[in-house]
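Comments concern the structure below.
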Amino acid sequence: MRKFMLSALALALLGCQDKADTQAPAATAPAAQSQVEATPVAQLPRWAEPSHYQLTLWVDPDQPGFKGQGEIALQLTQASDHLWLHAKDMSQLDIKVVTAEGEILDTQVEDKDDTGVIRLALPKTLSPQQLTLKFDYQAPYNQSLEGLYKVSEGGRNYAFTQFESIDARRAFPGFDEPSFKVPFDLTLVVPKAMKAVANTPEVARREEGELAYVQFATTKPLPTYLLAFAVGDLDIVQWQDLPKTAVRERSVPLRGVAVHGKGDKLKFALENTAGIVETLENYFGIPYPYQKLDIIAVPDFAAGAMENPGAITYREQLLLMDDSAPFWQKRSYASVHAHELAHQWFGDLVTMPWWTDIWLNEAFATWAGNKAAAKWGPDWGYDLGIAQGGQRAMGADSLVNMREIRQPILHNADISNAFDGITYQKGGAVLQMFEHFVGPEVFQKGVHQYLTDHAWGNASAEDFVGAIAKAADNDAVNQAFMSFLTQTGVPKVAIERHCQDGKAELKVTQSRYLPLGSKGDANRTWDLPFCFEADGERHCQLLTEKQSTLALNSCPSTLLPNAGGTGYYRFSLDDWQPLFATLPTLGKAEALGVLDSFNAALSDGSLPLDSYLAQVPAIAQLKDRELATAPLGQLGFILAHQAKDKDALRGQFQAWYGPRLAALGLAAKAGESKDDTLLRSTLAAFLADKARTPALRSALSAAAEAHLAGKDAGIAPDLIGLALEVWVQDKGQPAFDSLKARLMASQDAVVRQRALQALASVEAPALAAQARDLALAEGLRVNERFMLMGGQAYGLETMADTYQWFKEHRQGVEAVWPASGRKRIVSGFSGFCSLDKAKDLEAYFGQLAYEGGERNLKAAVESIELCAARAGQ
Ligand SMILES: [Zn+2]
């Protein structure tokens, strides 16, 4: 799954209640287990395992609910008078058990907890044997984008699914865990005027009265969370097959799917699929594993995209484009598409046994997707994607209240917490670090072996890390990898150089990086793949101790402590100047690593603010986009929380970065590089939003008006969203009303997204109040409500009022928010910077006690306390 930034707050997690199963066994059918066995709080027991599902679902999106019927073949391996499985939000659920001898037994369904664990009481104890569960049920369409849900657009209704992590149980009863990986036979019964798509190709369609029975080919073994389908008056665009490749001897049918009238906007996405698939196939050395590929644009979707095998779903903004689409949209499409396609191997072909190892899916898809995208579009600005993601993750990973990449999931309420920056971005960066350490060819060999050994099955972190260590013929890789997977925190490396008689001794000390004001313990070590360069010569070794001594045959004049720039660690220096002098000669990734450690030195208090600011003018002149813009985050913090004279600082921002934006201009130049397009967007946003440069703001405002009047805006298409934000901020109520009307009148996802982001950005109190109220108004999709609430909570000027508004409208917010994602609401308020607010949050959210939200609350409070510590220094 790919998270969507603005709806990250909305990622779902089901609440959970632990209720010990204290019921006495049926008097007529005593069985030893039921007297002692409590309701499973996470994984179901393994003594009843499914081997096949046959499902028939009647899905008419014009109705308030759906019904289903099915059979699950099951192997019982120990005697029992009950079974455990999952089903949630169903009515009239009736389950019968057919024994190996054909006896049909009625069962009693007992709901056991809020996460959908049910106990099936049998009328007698059954000995180990092959069983069949036969069931029928009814259920409503879900209201918050979980399970099987309904979307309306243009007077038509559609049904879509999102089952990851634990929402397949809302669509059919079953064993809703990733280790139960079996084939499915699915039939959808839909109104005959409608179409249906699923993971596999349609193999038969028969009409009976007003209904069509659409039968799909048997799937490869799948966990429940990867099953997917869509129903409605869909536009289905048949594209040319993915042609045979060096590693695939068959072509693969490719289609694009969208709601009615939007099929013609799938062209760009379809055209640019074969190249990405081929890039991944060449890397893995394994053909695309599934029979066909559909890419499906969903108008309302909580995540960014979902890797359902053969039927990948995306939010519309990522897939639907015409020729005038801005570059950011095409670029997001390709990177998310590459991520989801990488999952077809990592996650789908080989699946983690339990959510503890979700990083194997997500870290890997992040890393491999970025690699494939960078190879597919070498000039699209993906090359530092993993390094930049890792550096963002280091910010979060500096908190004491952070989770490990491989945090044990002991409770269903923890599952959705695992879909965070630690899993995706830290995980991706750690993979890249070890790829660099063992060498890319060796790493690729290990990946290929791992996928081959576990194809169609499940595999864990030990299997993956073991395969890499074996390919590298280096056992130490196992422990080193695990030291990053099972510990929180960012390593910090300090180097002391002692030279004597033309030789050098380097004392290298590791500790945990902690920001200023942290209450954490710095005493922590990793088995750290450490690569450094001394006078241009590279040395790599594993540091396994707190202190290591490295000998060199010469006394180096310069030392680069993160050679290659792939290390997930930071380093400290007493004097940054010598390294800064070499910046223009370093590789991009290496230079970015230096700037990250430099930024980190400001955050931990080891570098004075004046010394930091003194370097910014030179950094702003660096040629590469990622390097020149590396200080922008820190500058934003300084402006918000530390500047004594904000206007003076804004003037400096303009002096440092204004000339670079002026050189680029606001309009796109014919044939300009994609890096220039990206740099223009970043700088314009910074200068308009942080520097508040008046001339820039009026130019953007004028462009917004031209755009809204249907004229040529005279600015790059990538700046339209920013222009609308500036316009509504500066023009007030009339602009707000006009954008709101535009939002409500349009079904175009990009038009709506731009309007929503602009409306979410308003700061004037009266308008901001309207923006928040709009979040709960009629006519908005679920994921759009999060854009408004998230934008208002994020804004420095609006976060306090938004917090108050949330307190006053909590029930309204909870009604539109997926119950399982409520624990993340608190993270939306982690931008505060005062101890009072930290205390307030602690008390308020502490008393709300959202399931699984304890760590999120602690992390939010810690972030606020750290901000206050730094602001007050
Ligand atoms: Zn993913």
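Some notes on this structure:
- Among 705, 278, 271, a tally of other beta-carbon atoms within 10 Å of each Cβ gives an order, fewest to most, of 271, 705, 278.
- Cα-based shape type of the range 584-698, given that a ≥ b ≥ c are square roots of the gyration tensor eigenvalues and the cut on a/c is 1.5: oblate
- Three principal axis lengths of the range 491-580 [C-alpha, angstrom, descending]: 42, 28, 25
- Relative contact order of the chain, pairs being alpha-carbon contacts under 8 Å that are 6 or more residues apart, as %: 10 percent
- The alpha-carbon of residue 150 sits under 21 angstrom from the alpha-carbons of these lysines, leaving out residues fewer than 8 places away in its chain: 3, 67, 88, 192, 195, 262.
- Relative to the compact-globule estimate of 2.2 N^0.38 Å, the Cα radius of gyration of the range 739-802 comes out at 1.01.
- Burial ordering of 46, 680, 255, fewest other beta-carbon atoms within 10 Å first: 46, 255, 680
- Maximal additional length on extending the residue 777-residue 143 stretch stands at 226.7 nm, based on 0.36 nm per residue less the C-alpha distance.
- Relative protection proxy for 792-803, 632-643, from highest mean packing down: 792-803, 632-643 (other beta-carbon atoms within 10 angstrom).
- The distance separating the Cα centre of the range 177-246 from that of the range 279-293 comes to 20 Å.
- Size descriptor, Kirkwood hydrodynamic radius, that averages inverse alpha-carbon separations across the chain, Å: 28.8 Å
- For q = 0.09, 0.16, 0.21 Å⁻¹, Debye-computed log10 I/I(0) when each Cα of the range 355-485 counts as one equal scatterer: -0.26, -0.83, -1.34
- Full extension of the chain segment joining residue 130 with residue 847 gains 253.3 nm, where the gain is 0.36 nm per residue of separation less the Cα-Cα distance.
- Between residue 814 and residue 516, the simple label model (points 7 Å from Cα in the Cβ direction) yields a spacing of 3.9 nm.
- You can think of it this way: the chain between residue 834 and residue 501 has 114.5 nm of extra reach, that is 0.36 nm per residue less the Cα-Cα gap.
- Euclidean distance between Cα centres, the range 493-560 to the range 350-370, Å: 31 Å
- A crude spin-label estimate for the pair residue 92 and residue 731, with each label 7 Å from Cα along the Cβ direction, gives 5.4 nm.
- Computed 3J(HN,Hα) for the range 818-835, one whole-Hz value per residue from the Karplus formula 6.51 cos²θ - 1.76 cosθ + 1.60 where θ = phi - 60°, is x, 3, 6, x, 4, 4, 8, 4, 4, 4, x, 10, 7, x, 5, 9, 10, 5, glycine and proline marked x.
- Residues whose amide H comes within less than 5 Å of that of residue 131, counting only those at least five positions distant or on another chain, are 74, 75, 76 (H built at 1.01 Å from N in the peptide plane).
- Calculated over the range 1-232: convex hull of Cα atoms, volume per residue (Å³): 133 Å³
- Highest to lowest packing among 494-505, 684-695, scored as the average C-beta count within 10 Å: 684-695, 494-505
- For the range 399-421 versus the range 626-655, the inter-centroid distance based on Cα atoms is 34 Å.
- Per-residue ³J(HN,Hα) for the range 367-380, Karplus 6.51 cos²θ - 1.76 cosθ + 1.60, θ = phi - 60°, Hz, x for Gly and Pro: 5, 5, x, 5, 4, 5, 5, 5, 6, 5, x, x, 9, 8
- Fewest-first ordering of 398, 152 by other beta carbons within 10 Å of each residue's beta carbon gives 152, 398.
- At R0 = 56 Å, FRET efficiency that the Cβ-Cβ distance of residue 695 and residue 546 yields, to 0.05: 0.55
- Against the chain, whose longest principal axis comes from its Cα atoms, helix 646-664 is set at around 80 degrees.
- Note on residue 392 and residue 46: with the Förster distance fixed at 51 Å, the Cβ-Cβ geometry gives a FRET efficiency of about 0.85.
- Taking the empirical scaling 2.2 N^0.38 Å for compact globular proteins as reference, the range 529-665 has a Cα radius of gyration ratio of 1.17.
- The simple Förster model, with R0 at 56 Å and r as the Cβ-Cβ distance, assigns residue 272 and residue 106 a FRET efficiency of 0.55.
Bear in mind these aren't lab numbers, they're just calculated from the coordinates by the rules spelled out. Source: prediction; values computed, not measured. When we count neighbours, we look across all protein chains shown, and the Cβ atoms used for this are built from the backbone with ideal geometry, even at glycine.
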